[in-house]
Amino acid sequence: MPRGPGAPGVATAALRRVPWPSAVAAALVTGYVTLFVLASVHTSYDTWGALLILPALMAVGTPVLARIAAANPERDVFRLLLLAMTAKLLCAFPRYLMAFVLYGGAADAKMYHQKGTELAAYLDQADLLGGVHYDLGMKVAGTGFVIIVTGVVYAITGPSLIGGFLVFSWLGFWGLLLFWRALQIAFPEADTRKYAKLVFFLPSLLFWPSSIGKDAWMMFCLGLTTYGTARLLDRRFGAFACIALGSLGTAMVRPHVTALAGAGLMVAYVLRRRPRQVSALGPLRTILTAVVLGAMAVLVLQQVSTFFGTDGTGGDAVNQVLSETSRRTSQGNSMINATAPEDAAPKFSLNPAGLPVAVISVLFRPFPFEASNIQNLIQSVECFALLVMFIRAWPRLSRLPRLFVQRSYVAFAAVYTLLFCWAFSTINNMGILSRERVQVLPLALVLLVVPAAASRGTAAGRRPPPVWRAAPGQWGARRRAEPPERRARPAPAPAPSPAPPPSVAPSSSTVPPSPSQGGSTAP
């Protein structure tokens, strides 16, 4: 039967009247609910619990991102942050598959899950007001602390392995967000949008800190320490609270990394630019800050000595720790120096002449020809891309010594990066090095967003700060879209003003000049 001439037009009009965004959203919700019902029937909570935890994490994080984006004048910030959080959460699934499918469960996350499940069961039945007495079977610092964090997470969400991956990945995302906010506060001239794309979407930072374990926790606490450092250098309230909490979190897991961050903080604080107008309490405040930072440094060094079981904090103790680290990581198919015996503890040299080689080894290895498996090959592609980016940014990197004084946050990032590369160059396994490297990448990427040299005749240190540094609420209200009829209607042309009648200019001796003409009306 032939269709009428108006049938296609009617169908097109009907399709246009369909609210497609609402229809797609309804289809996604229906599919998600169906998947949840099927998973809850055919699998255990260890699996389907993730379908509850994922939307819960999104629901908690989205309003916070909206608040942060509302205080930022750049366009599409909320969309960028929401995409970054979604990508970070989704990377928990391939990280889980790598640990429990590719490696068959031969990962630390399995032990953390088992111990955390036992601790969560104890916390559910224990009388918390009467005190908690639980034997971890190991010391709290290090692995034991991560077990405690996992047990607390499971006490809230329930013991779900994939859900635990999602929670730790979510913590890692907030660490990356704090790194980004620290750059905006302490280094406003930098290309913060480029930095956001690098720090939120670099494959290593997306993938490795997305598992139950130390990497995600360290990413969160290092971000909090860096955020507090930025607030301290910019003289903002709450800096010491962030530094103390972040340093405590890192010291309970990897105190040697806390010591490296503390060294960078001390150098940055010494190089910090002094304000033009110093109050009467300014010198006293500086002395108190130095005393607090010094006390924190002593406590961290004592924690490092206790953690590694060394006597003292001198060069011999450092050499002993780094040599033992090299021996412990000299195993597996991804070993870097395969000629050394596994039981030998190589002597680590403290000579700073080897620092360039250490930087290349930590930041840019493995090279493609060193890859021993598909994982190393994928990692080598990212490392080669980073190497190319640093080579192309060499003209900007030449400005770093001057920026040490102008923006001491750059000194913090550079000192921490160099010390980290120097210390972690002892790792003799490509796989371990790829995971450990994520602790330095957010601050190493700061060096890639250093602004280009200022034009001639303009001092880089005297340029006005960007608009976004204004306090929230000073950017004005957003412009509302005008109705279509108002935009289509042209503005009426102004009526021609009548020509003034001719008159004779008065004499300057009889009429005084007006103030706008430069004269004076004073008698």
_Looking only at region 360-405, count every residue that is aromatic (Phe, Trp, Tyr) and part of a loop (DSSP other than H, G, I, E, B) and tell me the total._
1
*asked:* Please pick out the residue among Ala69, Ala141, Ala99, Ala121 that is assigned to a helix (DSSP H, G or I), over 30 Å from Leu178 (Cα atoms) and touching a helix residue (DSSP H, G or I) at 6+ places or on another chain (Cβ under 9 Å).
replied: Ala121
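Residue-by-condition table, conditions (1) open to solvent by 20 Å² or more (accessible area, probe 1.4 Å); (2) modelled with pLDDT of 90 or more:
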{"position": "Leu232", "(1), (2)": "no, yes"}
{"position": "Cys242", "(1), (2)": "yes, yes"}
{"position": "Arg254", "(1), (2)": "yes, yes"}
{"position": "Leu265", "(1), (2)": "no, yes"}
{"position": "Arg273", "(1), (2)": "yes, no"}
{"position": "Leu288", "(1), (2)": "yes, no"}
{"position": "Leu293", "(1), (2)": "no, no"}
{"position": "Val298", "(1), (2)": "yes, no"}
*Can you tell me which of Phe179, Phe237, Phe201 is open to solvent by less than 30 Å² (accessible area, probe 1.4 Å) and over 25 Å from Asp46 (Cα atoms)?*
Phe179
*So which of Pro63, Pro94, Pro8, Pro55 ends up being at pLDDT 85 or above, part of a helix (DSSP H, G or I), exposed (fewer than 11 other Cβ atoms within 10 Å of the Cβ) and not β-branched (Val, Ile, Thr)?*
Pro63
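If we keep just the residues of region 400-446 that are among the aromatic types (Phe, Trp, Tyr) and under 16 Å from Thr229 (Cα atoms), which is surrounded by the most Cβ atoms within 10 Å (Cβ to Cβ)?
Within region 400-446, the subset among the aromatic types (Phe, Trp, Tyr) is 404, 409, 412, 416, 420, 422, 424.
Those left that are additionally under 16 Å from Thr229 (Cα atoms): 404, 409, 412, 416.
Details: Phe404: 18, Tyr409: 28, Phe412: 31, Tyr416: 29.
Top of the filtered list is Phe412.
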*Among residues belonging to region 182-198 that are assigned to a helix (DSSP H, G or I) and of a type in the set (A, V, I, L, M), point out the one that is surrounded by the most Cβ atoms within 10 Å (Cβ to Cβ).*
Ala182
*What are the residue pairs meeting all of these: first residue in region 114-135, first residue open to solvent by 80 Å² or more (accessible area, probe 1.4 Å), second residue assigned to a helix (DSSP H, G or I) and among the polar types (S, T, N, Q), Cβ atoms under 6 Å, and 6 or more apart or on different chains?*
none
*Give region 204-221 a look and list any residue that's more than 14 Å from Thr86 (Cα to Cα), open to solvent by 10 Å² or more (accessible area, probe 1.4 Å) and either assigned to a helix (DSSP H, G or I) or without any contact (Cβ under 8 Å) to a residue 24 or more places away in the chain (or both), or say none.*
Lys214, Asp215, Trp217, Phe220
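The values are calculated or read from the model by the stated rules, or taken from the named source; none is laboratory data. Quantities reported herein were computed from a predicted structural model and do not represent experimental measurements. As a convention, Cβ positions derive from the backbone with ideal geometry for all residues, glycine included, and neighbour counts pool all protein chains shown. The accessibility values were calculated without ligands, DNA or RNA, using every heavy atom of the protein model including side chains. Shrake-Rupley method; radii C 1.70, N 1.55, O 1.52, S 1.80 Å.
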